[in-house]
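The values are calculated or read from the model by the stated rules, or taken from the named source; none is laboratory data. What you see is a predicted model; the values in this text were computed from it and never measured. Using ideal geometry, Cβ is built from the backbone for each residue, glycine included, and neighbour counts are taken over all protein chains shown.
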Amino acid sequence: MTVQRDIKSGVNPPTGSLAERIRSHAGLLATIGLGVLVVLGFGLETVLSKNGLSKYPDVYGAYEVLPLVAGVLAIALARLLAGLLHRPADFYERAAGDLEEGEDA
Amino acid sequence: MTPHVVLRVVSKLLIPLIIVYGFYIHFHGEYSPGGGFQAGVVLASSIILYALIHGLDAARKAFPPYAARVGMALGAFIFAAVGFVTLIFGGDFFEYTVLHPDVSHGAGQHIGIIAVEIGVLMTVTCVMIAIFYAFSGRSPEIPDGDW
Amino acid sequence: MTVGQWLPTALAAHAPVLLVAVPLILSTPAAILRTGRAGWAIALSGALLALLCAVELFLATRADGAVISYALGGWPPPFGIEFRVDGLNAALLLLLTGAAVLALIFARPSVENEINADKRSLFYSAFLVSLSGLAGVAITGDAFNLFVFLEISSIPTYALIAMGANRDRRALTSAFNYLVMGAIGATFFVIGVGFLYMATGTLNMADLARLLVDMDGDRVVRMGFAFILVGLGLKAALFPLHLWLPGAYAYAPSFVTVFLATTATKVAFYVIIRFSFDVFAIDSGFVVNALTYVVTPLAIAGMIVASAQALFQTDVRRLLAYSSVAQAGYMMLGLGMGSQAGVSAGVLHLINHALMKGVLFMALGAFAISYGVRRIENCKGLGMMMPMTASAFTLGALSLIGVPFTVGFISKFYLIQAALAQGWIFAVAAILISSVLAVFYCYRILVNLWVTPIPEGRRDLAQPTPYLILVPLVGLALANLVFGVHAAPLVDIAETAAAAAINAGTGS
Amino acid sequence: MPDILAVLNGVSPAWFLIVAGLLAWGAPWSPVRKALMLIGPCFALLAWFATHETGVYGVIDLGPFQLETFRFDSLSRIWVLVFILIAFINGVYALHERNRMTDGAALIYAGAAVGAVLSGDLLTLFFFWELTALASAPLIFAAGAPMAHRAGLRYLAIQVLSGVLLLAGAAVWASQTGSWGCDAIGVDSAAGVMLLLAFGVKAGFPLLHMWLPDAYPKATGVGSVVLSAFTTKLAVYALARGFAGEGALIAIGLVMAVFPIVFALVSNDLRQTLAYALINQLGFMVVGVGLGNELALNGAAANAFVGVIYMALMFMTLGAVLHRTGTVKATELGGLFKSMPVTGVCAIIGALSVAGVPLFSGFVAKTLILSGAHYAHNDLAYAILVYASAGVMELSVLKVVYCAFFGEARHHQVREAPQTMLLGMALAAFLCVYLGVDYRALYELLPFGIDDYEPYKLNNVFGQVQLLLGGAFVFALAVGFKLFPLKSDHTILDADWFYRRLGDGAARWGKAMGELLVHAINTALTAGVARLRARLFNLFNPAGALSREFPSGLMALWTAIMLAAVLLVSYFSPMS
């Protein structure tokens, strides 16, 4: 069930069913939806409770921000790591002699 | 060998003497230096001398290798059998005194030692000869090209 | 003399000498007879009779501290030759004769496969002489007589090893190597005995022990000890004096390897115990120092270096031979501790090692008969082709590694305990390192046995394993398991032996 | 039925699995093996149910010591139950596979793990500990490639080493305390440290973890499922037994919970990603054990229980993918949801469980540990766990699901996974959901009673959902802006570099140097006897066969050296 595109005309069909349009932009929509939900969550938390709607009454602050920070941090670190420790896929295999010169994994 | 007349004659003279001397050493071994071991070597030397002078084939005819093999075993058998005989007579292993009732003169001892020494003599003689045969009769098993 | 509970009294009274004399006298008809089958029957009956005597002696010495003394020719001990059996060598004699019987059962198919028909009866004859000599070494109480028996056992052994030349001509050089080494070892031993005789004027071991207690400072005695220890260390393949062993084990006929691996070095090891702990007083400073500063480091070096050497072998039997050197290191380590617990662990490992190496070499013999397998990579797929034999081999290998519920574990366990009691953490570490190496070299074989598929064309060569091999093989393999779970009997034997070795030396 | 249960009372479930495994190993007929793989766990389960009373059964008397093969108590029973369950599920999952080696090995492996959990003393533990190592290695070897062979060897070496450490530690422990009992140990003594290291190797402690991402991706599809289930959870059990409340474990666990995230993000092999996620999971449990309060220990147990199931589920889905496409590399997969919808749904359920979404099993377990950290007033641990839990773990499992089933479709014309695989996955997925909803069933199994604990409180659920949404948002953004580090097929160096390259290089160098040294010594030693040697060589050399034999001259020299040594020692010994 792939979307039929009119290749000869060189342009995407201007119209299509709503479902097809959603499907082709699923990623974007999901991202926007998630962003809205996150913002809503923080809003709800601020509105609903004095101390924040924390899991525990004695833990203050919006620790729910952590995953956002952490996620960004982790991805940045991972990119750094990939840059630093990046080796060809058959690195060990070649070193151990499983693969000869010019042979693929 | 035919030209060596002197050697042949002398050896024919010497060999019986060597054999007799061997037996002399053997039977004196019981109370003076000597015994089956030394006597066996002397006896074997007579056969070896014979082989040196008259050739290995002649020696093998005179004293076949099979006899050497049997002699070796028989000698050892006699040696061990004496022990068993003393057991049968009711003594300990190699307790020669039980072989003869005359204990005061040690007759049992004499008999036992002589018997044991006969076994030793046979074995030593035959082993020496067998070793000589083995070395002198050996032909290379591996052709030169294979080395 | 203790009256036997097993044989008729008339035989029981002479059991010590019969144990040695029966194989000796039976070797003569075996040498004269021409057929291998008859030779085999004679050899087997000789070994069985010896086993009966050993059982008798073993039962008789079970009583606490019981010692059987047999005066040869009726001459009383300090002057005449004495055969002396206590808890230590009774166990060894049982092991020796038992191993001989099992090896002989295995021998018939194996020898028919490997030895020329006209040599077979002589082969069995030589074996009987060797057995008689080994039994004599184990049983005699006279130091010089021990040397004589040592030679009696060694000379046929050289010949037996050289018989392997049918399959591999390297057997000849190995036998020659062993001959030179064995001669050196025996010479050293007899020089040592000479020194002792010079110092004490006696050759009887019990008498020596009594006299040597007060001669601690005598340098002649110390010289004697050094020569005896080195000479016997050579015979027992103490690292680095083991160089004769890999070749001898690898190229000898299978049957000879089975017999040698289970008995020959064990007997030399027994003599070392006898001299270090019984004849020389273990509380003498020089014995303890020699054991601690020479034997122990060498034992540890042997455990690790020989295991590492085993790792790189391509010939299965050579691999196991190096492993034997390493295992001899374990026994020496127990000895080097100089404690009763150590000796007990060493003796236990001696027995257990005989059990596992018996299985391993027998299984290799079976492989060799069916497929001519010698090298590790040739073992491929044998697990599927010969499941019984391969399973027995696997069990032996597991035991060698020291997996729990096998005898190998029990003796390593006791060895570690003895080392800990001594506070020798380094010894524990060495045992563990050596065990890890054992895992690897066993693993190399086991993977080939079980994991790799059967090579093309091998299936067509299949022959059933003869029952005469399967019966002793499976029996030994089960013994590895049974005594691994129910360890008490062997532990008891080892402890009795250690007690006999150590208490006898302190003048009792 | 009661009769059967009465008979089975006090019989260790481990034996059923091991015997079934041995039979399966020997059975040449595939249907018999498959039947055994289902019947064995069933009987084991019966035995588990039959033994009502806690206590010690199956004592084997070995003379000097006694082996307790079946210690059934509140701590061990939950582990045993989940091991048996996963053995059964794996039996279903593996029905399609025709491999004699893995069938038997998986069963024996499961039995060994059960036996290890049930062992009451360190010796029995050692035995089963090594058995897990030996039985699991074939699962890696069965994959067949030389890479798998080498990885299996490395895996086996490390596992056996762990066992050796365990035995050594146990021996020292026993010599110090006189007891072989497998109870609280503590790190006060050398023995304790050795045992901790032994457990730590299997639990994947940082720097000891490298075998995990090294070996698991190279196992067979079915093999990695079983591997993920037993070894590491067994180690957590051992830690809970011996080192509950050990402060060092908190720090270790926190590191384990955090560092794999980064590696999981960058590794291209999805099974390796999962292996890192598994280490992260283990970090949670180790923290729980380290905290040592009842809530945290319960949390560790609950996490182990559900963790076994959902990690197995994740590995199963990847196994199915591997079965159909032949690869699990992120760069070669994508868009499989269309062709393998059921597998995809199972993967999503597994991912939601891993992430700890409310109504899934991960949530009810993880919240216990978080509460435990909170009640222990360990705020740092709490914060780090939150970070590790919701935010970033999601990154790794989301990555797996996204890369395999969504994203850019690659050209894989594949069918849905075989029915039996689907059934196995469905069973696990059902358990994931069921335990998340009927959490009381899980809590009743826990070692300490927690009737009053309620995971589904508004603030708890809300907070968790917020965390997850945040994590998902970041993931979505990263993917959308192509910031996600998914570029090419590559290897990322981890601690295994130390032995795979550095150690390997050092070994090669050492070997070469050692050979040189031995050669030099030999040359020096044998210079004097070289002539004799040459003569002997000429005499006894059939085509150089002697070249590998040691000449007697060398040995005579050794003999002389040793004689000198003994003489010196004995000569200078003092008189006693």
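Among the residues of the range C:153-167, the ones that are crowded, with 19+ Cβ neighbours inside 10 Å and among the β-branched types (Val, Ile, Thr) come to 2 in all.
Considering the conditions (1) within 29 Å of residue C:251 (Cβ to Cβ); (2) within 14 Å of another protein chain (Cβ to nearest Cβ), residue C:47 is excluded by exactly one of them, (2). When the range D:542-570 is filtered for residues that are modelled with pLDDT of 80 or more and either over 20 Å from residue C:240 (Cβ atoms) or more than 7 Å from chain C (Cβ to nearest Cβ) (or both), the ones remaining, listed by number, are D:557, D:560, D:561, D:564, D:568.
Would it be correct to say that residue D:119 is out of contact with any Asp or Glu (no Cβ under 7 Å at 6 or more places or on another chain) and either farther than 27 Å from residue D:432 by Cβ or of a type in the set (Ser, Thr, Tyr) (or both)? It is false that residue D:119 is out of contact with any Asp or Glu (no Cβ under 7 Å at 6 or more places or on another chain) and either farther than 27 Å from residue D:432 by Cβ or of a type in the set (Ser, Thr, Tyr) (or both). Taking the listed residues D:133, D:94, D:116, the one that is out of contact with any strand residue (DSSP E or B) (no Cβ under 8 Å at 6 or more places or on another chain) and either within 12 Å of another protein chain (Cβ to nearest Cβ) or more than 24 Å from residue D:307 (Cβ to Cβ) (or both) is D:133, with no other qualifying. Number of residues in the range D:458-472 that are at the interface with chain A (Cβ under 7 Å from one of its Cβ atoms) and either surrounded by 23 or more Cβ atoms within 10 Å (Cβ to Cβ) or outside any helix (DSSP H, G or I) (or both) equals 7.
So, in the range C:6-65, how many residues would count as being within 20 Å of residue C:152 (Cα to Cα) and more than 22 Å from the chain's Cα centre (by Cα)? Adding up the residues that qualify gives 9. Might you let me know whether the range C:443-457 holds any residue that is among the acidic types (Asp, Glu) and either in contact with a strand residue (DSSP E or B) (Cβ under 6 Å, 6 or more places away or on another chain) or not in a loop (DSSP other than H, G, I, E, B) (or both)? No - not one qualifying residue is present in the range C:443-457. Taken over the range C:166-184, the residue count meeting the criterion of being assigned to a helix (DSSP H, G or I) and more than 8 Å from chain D (Cβ to nearest Cβ) is 7. Screening C:163, C:198 for residues that are in contact with a Pro (Cβ under 6 Å, 6 or more places away or on another chain) and away from chain D (no Cβ under 14 Å) leaves exactly one candidate, C:163.
Residue count for the range D:162-197 satisfying the condition of being crowded, with 19+ Cβ neighbours inside 10 Å and either within 12 Å of chain C (Cβ to nearest Cβ) or in contact with an Asp or Glu (Cβ under 6 Å, 6 or more places away or on another chain) (or both): 17.
So that you can scan it fast, the table gives a plain yes or no per residue for (1) surrounded by fewer than 24 Cβ atoms within 10 Å (Cβ to Cβ); (2) farther than 18 Å from residue D:252 by Cβ; (3) of a type outside the set (Val, Ile, Thr):
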| residue | (1), (2), (3) |
| --- | --- |
| D:281 | no, no, yes |
| D:288 | no, no, yes |
| D:293 | yes, no, yes |
| D:296 | no, no, yes |
| D:304 | no, no, yes |
| D:321 | no, yes, no |
| D:324 | yes, yes, yes |
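Would you mind stating whether residue C:252 is within 14 Å of chain D (Cβ to nearest Cβ), surrounded by 24 or more Cβ atoms within 10 Å (Cβ to Cβ), of a type in the set (A, V, I, L, M, F, W, C) and out of contact with any Ser or Thr (no Cβ under 7 Å at 6 or more places or on another chain)? Yes. Among the helices (runs of 4 or more DSSP H) confined to the range D:57-156, the ones with at least 1 residues that are farther than 30 Å from residue C:446 by Cα are located at D:74-93. Selection within the range D:24-34: residues that are assigned to a helix (DSSP H, G or I) and over 26 Å from the mean Cα position of the chain (by Cα). The member of this set that is surrounded by the fewest Cβ atoms within 10 Å (Cβ to Cβ) is D:31.
Table: residues versus (1) more than 19 Å from the chain's Cα centre (by Cα); (2) crowded, with 18+ Cβ neighbours inside 10 Å.
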{"residue": "B:6", "(1), (2)": "yes, no"}
{"residue": "B:13", "(1), (2)": "yes, no"}
{"residue": "B:25", "(1), (2)": "no, yes"}
{"residue": "B:29", "(1), (2)": "no, yes"}
{"residue": "B:40", "(1), (2)": "no, yes"}
{"residue": "B:65", "(1), (2)": "no, no"}
{"residue": "B:70", "(1), (2)": "no, no"}
{"residue": "B:90", "(1), (2)": "yes, no"}
{"residue": "B:99", "(1), (2)": "yes, yes"}
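Between D:121, D:183, the distinction of being closer than 25 Å to residue D:290 by Cα and without any contact (Cβ under 8 Å) to a residue 60 or more places away in the chain belongs to D:183 only.
Scanning the range D:136-155 for residues that are facing chain C (nearest Cβ under 10 Å) and under 21 Å from residue D:90 (Cβ atoms) gives D:137, D:138, D:141, D:142, D:152.
Within the range D:189-203, does at least one residue satisfy the condition of being within 22 Å of residue D:67 (Cα to Cα), part of a loop (DSSP other than H, G, I, E, B) and in contact with a Phe, Trp or Tyr (Cβ under 7 Å, 6 or more places away or on another chain)? For the range D:189-203, residues within 22 Å of residue D:67 (Cα to Cα), part of a loop (DSSP other than H, G, I, E, B) and in contact with a Phe, Trp or Tyr (Cβ under 7 Å, 6 or more places away or on another chain): absent. Within the range D:266-278, being in contact with a Pro (Cβ under 6 Å, 6 or more places away or on another chain) and crowded, with 24+ Cβ neighbours inside 10 Å holds for D:266, D:271, D:272, D:275, D:276. Restricting attention to the range C:453-508, the residues that are more than 29 Å from residue C:87 (Cα to Cα) and either among the acidic types (Asp, Glu) or modelled with pLDDT of 80 or more (or both) total 8. The set of residues in the range C:402-415 being within 10 Å of chain D (Cβ to nearest Cβ), of a type in the set (Val, Ile, Thr) and buried (at least 24 other Cβ atoms within 10 Å of the Cβ) consists of C:410 alone. Would you check if residue C:179 is within 26 Å of residue C:20 (Cα to Cα) and surrounded by 24 or more Cβ atoms within 10 Å (Cβ to Cβ)? No.
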